[in-house]
Amino acid sequence: VQLVESGGGLVQAGGSLRLSCAASGLSFSSYTMAWFRQGPGKEREFVTGVNWADGITYYGDPVKGRFTFSRDNAKNTLYLQMNNLRPEDTAVYYCAAGRSLRIEVSSDYEDWGRGTQVTVSS
């Protein structure tokens, strides 16, 4: 399994970014796929994801209503649309894949990308 994130950058507060995660070596129908983030001096935090069993999209409370998870099965690519960005969204964003149904538990994921930096200025 290989996961490669892209699309990070520097944006002003209130702006938008779209992250991508190109996946290979797996089938979305068999994996729980998620985005996590880790801000400076903080623990890794669940952002959003879909588990393979129910296909429901889950969101962490800090991003509800602002971020949107999507995926293109034909391209084996995940997307994270981030709107109304805030300085507290500054973090390295990671794509993750695993077989667990505990979608918010980072230690349950077997495969991770290297991450992409998102910086939101005030």
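On a per residue basis, the chain carries 50 Å² of accessible surface, using protein heavy atoms and a 1.4 Å probe.
At full extension, Arg18 and Val4 could sit 3.6 nm farther apart than now, given 0.36 nm per residue minus the alpha carbon distance.
Charging the Cβ of each Asp and Glu at -1 and of each Lys and Arg at +1, and nothing else, the dipole of the chain about its Cα centre rounds to 240 debye. Rolling a 1.4 Å probe over the protein heavy atoms of the chain, with every protein chain left in place, gives an accessible area that is 45 percent carbon and sulfur.
Summing charges over all other residues whose Cβ lies under 11 Å from the Cβ of Val120, with Lys and Arg as +1 and Asp and Glu as -1, gives -1.
In this simple spin-label model, placing a label point 7 Å from the Cα along the Cα-to-Cβ direction at both Glu88 and Ala53 gives a separation of 3.1 nm.
The values are calculated or read from the model by the stated rules, or taken from the named source; none is laboratory data. Keep in mind the model is a prediction, meaning the values are calculated, not measured. Counting neighbours? That spans all protein chains shown, and the Cβs are built from the backbone with ideal geometry, glycine included. In case anyone asks, the SASA skips ligands and DNA or RNA and just uses the protein heavy atoms, side chains included. Shrake-Rupley method; radii C 1.70, N 1.55, O 1.52, S 1.80 Å.
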